[in-house]
Structure formats: C-alpha cells, structure tokens
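Note sheet for the following structure.
The values are calculated or read from the model by the stated rules, or taken from the named source; none is laboratory data. Computed from a predicted model, the values in this text were never measured in an experiment. Here the Cβ is made from the backbone with ideal geometry for all residues, glycine too, and neighbour counts use every protein chain on show. Quick note on the areas: whole protein, heavy atoms, side chains included, nothing else; ligands and nucleic acids left out. Shrake-Rupley method; radii C 1.70, N 1.55, O 1.52, S 1.80 Å.
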Amino acid sequence: MAATPVSTEVVTLKLNDRDVSATRGQTILEVAREQGMEIPTLCFLEGLTPWGACRLCMIELKGSPKLLPACTTKAAEGMEIVLDSDRLKKYRKMILELLFAERNHVCAVCVSNGRCELQDLAQKNGVTHVRFPYRYAKYEVDSTHDLFRLDHNRCIMCTRCVRVCHEIEGAHVWDLKGRGIETEVVADNNLPWGQSESCTRCGKCIHACPVGALVEKTTAVNEMKKRSGFLPYLTTMRENRP
Amino acid sequence: MTPEELRQSAEAERQKSHACKHILGVCCAAGCQSMGSDKIKDALDKQVKLKGLESEVNVKSVGCLGLCAAGPLVSLESDGKKAMYQAVKEADVAEVVEKLGKAPVKRLELSLDIPFFARQQKIILENSGVIDPERIEEYFAAGGYEALIKALTDLEPAEVIDAVSRSGLRGRGGAGFPTGLKWATVAKAAGSRKYVVCNADEGDPGAFMNRSVLESDPHRVIEGMIIAGYAVGASQGYVYVRAEYPLAIKRLKTAIKQAEGKGLLGDKILGTTFSFRLEIRLGAGAFVCGEETALLVSIEGSRGMPRPRPPFPAEAGLWGMPTLINNVETFSTVPPILRNGWEWYSAIGTEKSKGTKVFALAGQIKNTGLIEVPMGTKLRDIIFDIGGGVPDGKKFKAVQTGGPSGGCIPESKLDMSVDYESLREAGSIMGSGGMIVMNEDSSMVDVAKFFTEFCMSESCGKCVPCRTGTAQMYGLLEKIHAGEAVKADLELLKELCDLVRTTSLCGLGQTAPNPVMSTLHYFEKEYTSLLKDGPGKPAAAR
Ligand SMILES: Cc1cc2nc3c(=O)[nH]c(=O)nc-3n(C[C@H](O)[C@H](O)[C@H](O)COP(=O)(O)O)c2cc1C
Ligand code: SF4
Ligand code: SF4
Ligand code: FES
C-alpha cells in the first residue's frame, strides 16, 4: 500500500450523493465551493472568521435532527450531507424575506442596485414577494465621514464590516450596540463615523459590506462597485510571509 | 487548615449549638428580607438580651425557608422540637420570646405537617433555612467540606468523575446534559490551562432557585466547584452572577474569603498539592448571557453573543481553553453525592432523571416559593398538594414550565411525571425550574404574546431567524390578539415558529417558539376564535 501523506489527514464524505474528499479542518462550505456546488451565504466572507449568523447556509446532515451551518461545520469522515432539499430552500427563502422586511431595502434608489448580494440571493432563491409585513422603522444615515456613508436602512447585521476592520485592518472601528431587533452597527463608542479616531480611512468595510449600507460617498444609484475579492488575496499574502 | 482541624471546628460548632436550649432562625434571604426580616432579627436579639436569656437562646440568621409567600418566616427549635412562625411582625417578638419552652404562639404558627413541607425532599436545599450562610463553621458542622476532604485525600480525579457519572446527575441549567460525561470530556481535553465556571446568571423572569442557594448556602457551591476543579484538572474558577443579585454576591464574597482564610481555596488546599482559585464575575442581566458560549465571551470582556457549537466549551471555552461550565444547582449536588455515595443519589428520582430538582412556584398558586422534590413527582402533586392549588376558588388552566422559552401544559397532562423527557414530550422543557401557574381567566394568546415579547427583546440580535423572526412572531400575535388576523396569518405564524426553532443559532431562538407552539397545540381554539374568518364567523367576514 502506498504511504499516506503525513501532516494532512483526508476525510471522505457525501455532498448531495456526490463522494468528495476534504482535508480535516475544512468546513462543509469550503468543500462544497471547491466542488463548484452552491450554498447561499451572506455573513460569510472568505478571509474572515466565520460568524454563523445569517443561517442561509444551513444544510442537512444524515442522522442529525438538527440543521447545521455549512460555514462553521467541519467536514468529518462519513458525513452524508444534503445541500438543497425542499425544506432548506423554503427556510432560505423565508430568511431572505425576513431580511427584506426588517429594514428599508428600496432597491430602486440604492447605489448598490444590481450589485447587491441580498438582491442576487433573492433572485437565485426565488423570492418573488415578501409575505411578512415590512416594519418600516426609521433608521439614520451617517454621512459624517468625508469619504464614506453608512445607511442603517440597508444594514443586514452581517458584521462583515466589524470583522474586516478588526481582523484585517486591525482598527476595530465597528461594533454592535443594542439587542434583538434594535441592534445596530456603531463606530467607536457610538460616535458619528466622521468623529472616529480609530478609522484609518482604508475603505475595507465598504468593500466587505454585501449590501448598500456601507458605500463610497460619490457614488450615484446603481454605481457602487464592491471588490470583496481582495480578502483571500490579503490573507494568502500574510500567510506566505517569510 | 488540615482535615483534622476542620473536623475539630465542626465538632466545636455542634457542641456550641447543643448548649443552647432554643434556636430561633430568622430567614434572611431576599424574599423575607424585603418584608423586613432584618428588623425582626434585631428585635429578637434585643428582647433576648432584655430578658437575660443569651445563654439559652440562639437567635441566628438563616437562609431561605421556602414558603416565601408567608414571610417573614422564623423557624424555632426548642429542646429538639421544631416549629415555624409565619408573617412575623416586630410587635410579635415579645410574645415569641415569652413562649419559648412553652406551647408555641398559635396565632403565628405554620404547621410543618402541611404537604408544602412534608412532601419535599431536600438535598440541594438541605442547609437552606438551617445554617447561617455567613458562618463557615455552621457549614462545617452540617458536614460541609467533608466531600472535599474525601475527594482530595481518598479519591483520584478519575474516581470523582466516576462517582458523578454513576450518580446519574444531569445538568440543572436546562438541557439536562449528563454531568459526569461533561466532566470526563473536560478532563480528557488537551490544554495547558483549564477552567471551571459556575453559571449563576439565572435570567428567567420569576426564577430564583440559584439566587436562593447562593444566599442560603454559598459554601455548597464553592465546595462543588473545588471538587470539579480537582476532577478535571483546573486551578481557576469563575462564578458568573447577575449584578441584580447583590445579596447573593455579598454572601458569596464572604464565603470565598472565609474559604481562603481556612485554606480551602488558594494554594495547597487542605495541605495537599492541589491549588484552586475562585473569582466572581458580574453579568449585566442579559438573558442570553446565561447561554454558555455567550457567558464565556462575556467573562472574556466582549459583548455576550453566542457562537456556534461545536466546538463546545469542554474543548475550547474561556480563552480557547477546555472549560467546564455547570449550573449552581449542579455544583451544589456534588458534595452530597460524594458524602453519601452515588448509590444513594441514583436511588432517588426516575430511571433517566436522577435526584431532586428545585422549582420556583409562581403565578396564580397559593404557596408561591421554592420547593425541592424528587424527579418524577407528578405535576399535579406539585401544583395542588405542595403548591396548595389555585387561590380564590378559580380553576386551574395551565402551567408554564421552563421559563420564558418553555411551554404551557394543560390540565389534561397534569398527571405526568416531572422529568426531562416527559416535559420535552409535552412540548415544554425543564429549563431552570420555573413554574408559572395560570388560572381560568388567563388568555393563552396573551400568555404566548407575553413570553414572545420577552424572547424578542432578549434576543442578542446575532442571527436572522431569532432577531427578526421573533419580532415578526410578536407582530402576528398582536394582530391575532386584536382580532385583526385571518387564517393565513395563523398559518404564517406556524411556519415562522418552525423556522425560528429549526434555524436559530442558540437555545434562545431554538426554544423561543415553545410558548406559541404549545399554546397552539393545546388551546388552538383560543387562537381561531379570534380570527376574522375563524369558525362561527359570518360568511360575509370571510
Ligand atoms: C438563552 C439561554 C439562557 C440560559 N440561561 C441559563 C442560566 O441562567 N443558568 C444556567 O445555568 N444555564 C443557562 N442556560 C444553559 C447553559 O447554556 C448551559 O447549558 C448550562 O449552564 C450548563 O450547565 P449544566 O450542565 O449544569 O446544566 C441557558 C441557555 C440558553 C440558551
Ligand atoms: S454595514 Fe454592511 S457589512 Fe456592516 S453589518 Fe451592516 S450589512 Fe454587514
Ligand atoms: S438565537 Fe437569538 S439569542 Fe441566540 S444567537 Fe441567534 S439572535 Fe442571538
Ligand atoms: S453564511 Fe453561514 S450562517 Fe451566514
């Protein structure tokens, strides 16, 4: 028998009846994406610590009564996983509906229209209408920063901005305040962004934000192009540093 | 302190208390204290002095006597005979002292033969209302720290874990996870440091089981934690208490200082090579901070938000190190298990739920207060026998067990045994042991709305189904309540409940739909009768 490679341990598992192999420590999401298999995600962003909050990536594991988030569940030997049952599709649709109903997502006047992950997911997952009443709560728009703008009306609380600023930029400008439906992203200790002393003006949060909540100021409707692909690149660069 | 010195101190304390002919125990737990028991204690002290009876009468502060509804309570032990006084006022004090050694004051007497007292079996609360919680010597005299001596001098850590496993003890914080298995996992987990954490967050409205133990018998929790530290190989412990429990915190602080002074905490405990330190951490009273992963990040100094498990705290807890986290009651049960043997403990309760459980009776029930009963006691016995039933001649309707995210159990299920499995089957949970009784006047839609509002405002805001799903659930309940909803709304509510329960990240969201689902299951008519197009409504309205 051929010798097995040393340091990496390989596990085999099934994704939708397809036999796949993975290295120990890889998440279900990573394995699925390697295979070109779709799992919808929103709070996940490659290069950041998974947060497990949007619950769009829930999958079924044979033998487990509970659904599991693909972004934080590690692949293990012999797992049999279903990525897209009718039940999962129904839950994903409802979660997206809940997000649309939570704040004021008026796509037609949004700078991210056409380039928004929430919009994309809604289209891909067949959200044609929202059955929940819109809450129509009023939220602020923080335009105090000279380069950027934060529109709380569009925020879906994914914390990608919080994590990118803390983990990659090292500035930790963003955090959360409040509880439940009242939770909001805040700069420093609840300061207008423009008064933040820790903000380095790097713009990483703008590009990490999946929706039109964090944007560059000069952009008009439909214009905000985001480049979240810089993260894996940055992470790889760091890892490869001598 | 060596084991011999500890035993001598215990013996001296026992001698001292035998020397007194009469012992008056004034409840000084938060319930009675709020009704002025401090003043009663002072007045009794003064009166005893006035009569020159100091050598015969010992007036002392004791912990919770249980029947909080009848406070302030004073227990009386005279020449070995026991009695209890209820609703004692300062004006009664002279007579109480006067009658010592004679027949007790009839007017104040609360019979100890009533089922409330007679049907309880006290293990966790064995010292509550008996010893002075601020004197470690009294805890010694009641057999305290004997289990620690036994563990440190006679048993290997693995033997301690074995005893806990065989006792059948399951976590009292809600989920009922086997305690021995948890301890064994932490003991096996690799880590340069390990921690033991006591969950005393107790965020359920109406629950005060843990508070009462900390106020009435704090050393029991400390002893359980030191034993746990020895068993899993930890040398640092934290007690996470909510800041709203000032008296519990004060007593715990006093107890930790006393234990340190006696060499029961710190370096080289009881002259052995084992060291263990204990610190208190205060929570700001967020319900979600009782969830173990949120609690741990809160101790680390971050915003208390749950994170996905695995990894479980047993593998990666505080600062990424293996961490044992148990409830106050769970730790409190360990000393008697080691003292009396696991065989003794496992003989109490049902096949799968061993031992006793403390419940807080609240709502429309006569005897509100704390009780401890063996697992497997019938719900009916708890509510009607021990609890005295529903007051004012009203009829019983339902009981909510397990706190805000538990379920409502109707009359037809009252003969079920109270244990983890039966409660789950009935659509509820054990939770921390709150029981809220509702009479015939309660509207079940109201009840569901009330608890949903609680879960909605206590959601940490992290995951979508819980954060926005509970808010939408609440909106639908309001609509139904106002008589503005139609069948489709009720269907949507059911779908939402399923989503929130199945996809939420932590136990708060996963159990938040319980009150709605259980009331819908047992009392669906109360919902449908409020619908615009419900049964019996004119066709025109449909
Ligand atoms: C929302 C929520 C609140 C909780 N609150 C408490 C609490 O106040 N006290 C507690 O001991 N456990 C609480 N728990 C359970 C803990 O997460 C954990 O299971 C428990 O502390 C483990 O201890 P045990 O094994 O001794 O039960 C809570 C869980 C959830 C999901
Ligand atoms: S501002 Fe954007 S990145 Fe930040 S939490 Fe909101 S949606 Fe997510
Ligand atoms: S279920 Fe609720 S409390 Fe738990 S993580 Fe999600 S939002 Fe927070
Ligand atoms: S991507 Fe997994 S929970 Fe959001």
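Residue-level check: of (1) farther than 13 Å from A:Ala213 by Cα; (2) open to solvent by less than 20 Å² (accessible area, probe 1.4 Å), A:Glu80 misses just (2). On inspection, A:Leu147 fails the criterion of being closer than 27 Å to B:Ser302 by Cα and among the aliphatic types (A, V, I, L, M). The residue that is nearest to the other protein chains (Cβ to nearest Cβ), counting only those in segment B:469-489 that are surrounded by fewer than 16 Cβ atoms within 10 Å (Cβ to Cβ) and under 38 Å from the mean Cα position of the chain (by Cα), is B:Glu478.
One line per residue, one yes/no per condition, for (1) under 19 Å from the mean Cα position of the chain (by Cα); (2) open to solvent by 40 Å² or more (accessible area, probe 1.4 Å); (3) of a type in the set (Ser, Thr, Tyr); (4) within 16 Å of ligand 1 (Cβ to nearest atom):
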site	(1), (2), (3), (4)
B:Gly261	no, yes, no, no
B:Leu270	no, no, no, no
B:Ser275	no, no, yes, no
B:Leu278	no, no, no, no
B:Arg281	yes, yes, no, yes
B:Phe287	yes, no, no, yes
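Just one of the listed residues (B:Lys250, B:Lys257) is open to solvent by 10 Å² or more (accessible area, probe 1.4 Å), more than 14 Å from every other protein chain (Cβ to nearest Cβ), under 27 Å from B:Leu67 (Cβ atoms) and free of Cβ contacts under 8 Å to residues at least 24 places away in the same chain, namely B:Lys250. Can we say A:Val173 is surrounded by 20 or more Cβ atoms within 10 Å (Cβ to Cβ) and either closer than 26 Å to B:Gly285 by Cα or more than 16 Å from ligand 4 (Cβ to nearest atom) (or both)? When the stated conditions are applied, A:Val173 passes them. The residue that is nearest to ligand 1 (Cβ to nearest atom), counting only those in segment B:290-304 that are in contact with a Leu (Cβ under 8 Å, 6 or more places away or on another chain) and either open to solvent by 10 Å² or more (accessible area, probe 1.4 Å) or assigned by TED's automatic domain parsing to the domain that holds B:Cys460 (or both), is B:Glu291. For segment B:185-203, the set of residues classified as part of a loop (DSSP other than H, G, I, E, B) and buried (at least 24 other Cβ atoms within 10 Å of the Cβ) consists of B:Asp201, B:Glu202, listed by residue number. For the criterion of being under 15 Å from the mean Cα position of the chain (by Cα) and at pLDDT 95 or above, B:Ala200 passes.
Okay, residues lined up against (1) surrounded by 14 or more Cβ atoms within 10 Å (Cβ to Cβ); (2) more than 24 Å from B:Pro115 (Cα to Cα); (3) modelled with pLDDT of 95 or more:
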| position | (1), (2), (3) |
| --- | --- |
| B:Gln8 | no, yes, yes |
| B:Gln15 | no, yes, no |
| B:Gly36 | yes, yes, no |
| B:Leu53 | yes, yes, no |
| B:Glu56 | yes, yes, no |
| B:Gly66 | yes, no, no |
| B:Ala70 | yes, no, no |
| B:Glu77 | yes, no, no |
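Is there a residue being outside the structural domain of B:Lys479 (by TED's automatic domain parsing), in contact with a Phe, Trp or Tyr (Cβ under 9 Å, 6 or more places away or on another chain), surrounded by fewer than 24 Cβ atoms within 10 Å (Cβ to Cβ) and among the acidic types (Asp, Glu) anywhere in segment B:400-414? Yes: segment B:400-414 contains one or more residues that are outside the structural domain of B:Lys479 (by TED's automatic domain parsing), in contact with a Phe, Trp or Tyr (Cβ under 9 Å, 6 or more places away or on another chain), surrounded by fewer than 24 Cβ atoms within 10 Å (Cβ to Cβ) and among the acidic types (Asp, Glu). Of the listed requirements (1) open to solvent by 10 Å² or more (accessible area, probe 1.4 Å); (2) away from ligand 1 (no atom under 16 Å from the Cβ); (3) within 29 Å of the chain's Cα centre (by Cα), B:Leu505 misses just one: (2).
Summed over segment A:101-116, the residues that are within 14 Å of chain B (Cβ to nearest Cβ) and at pLDDT below 95 give a count of 2.
Being within 22 Å of the chain's Cα centre (by Cα) and more than 29 Å from B:Arg501 (Cα to Cα): is that true of B:Glu329 here? Judged against the criteria, B:Glu329 is not a match. Taking the conditions exactly as written (closer than 26 Å to B:Leu492 by Cβ, surrounded by fewer than 19 Cβ atoms within 10 Å (Cβ to Cβ) and among the hydroxyl-bearing types (Ser, Thr, Tyr)), does A:Tyr134 satisfy them or not? Here the answer is yes, as A:Tyr134 does meet what is asked.
A count restricted to segment B:305-316 and to residues that are touching an Asp or Glu at 6+ places or on another chain (Cβ under 8 Å) and either among the small types (Gly, Ala, Ser) or more than 10 Å from every other protein chain (Cβ to nearest Cβ) (or both) stands at 1. Of all the criteria given as (1) within 16 Å of ligand 3 (Cβ to nearest atom); (2) farther than 23 Å from B:Pro205 by Cα, the one not satisfied by B:Ala482 is (1). Which of the residues that make up segment A:33-48 are within 14 Å of ligand 2 (Cβ to nearest atom) and either hydroxyl-bearing (Ser, Thr, Tyr) or over 19 Å from A:Val211 (Cβ atoms) (or both)? If the condition is that a residue be within 14 Å of ligand 2 (Cβ to nearest atom) and either hydroxyl-bearing (Ser, Thr, Tyr) or over 19 Å from A:Val211 (Cβ atoms) (or both), then A:Thr41 is the only one that fits. The test for being of a type in the set (A, V, I, L, M) and away from chain B (no Cβ under 13 Å) does not hold for A:Val130.
Table: residues versus (1) more than 14 Å from every other protein chain (Cβ to nearest Cβ); (2) in contact with a Phe, Trp or Tyr (Cβ under 7 Å, 6 or more places away or on another chain).
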{"position": "B:His219", "(1), (2)": "yes, yes"}
{"position": "B:Met225", "(1), (2)": "yes, yes"}
{"position": "B:Leu265", "(1), (2)": "yes, yes"}
{"position": "B:Leu270", "(1), (2)": "yes, no"}
{"position": "B:Phe287", "(1), (2)": "no, no"}
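The condition of being of a type in the set (D, E, K, R) and within 16 Å of ligand 3 (Cβ to nearest atom) holds for A:Glu184. Looking only at residues in segment A:148-167 that are touching a Phe, Trp or Tyr at 6+ places or on another chain (Cβ under 9 Å) and not in a helix (DSSP H, G or I), the one that is nearest to ligand 4 (Cβ to nearest atom) is A:Cys158.
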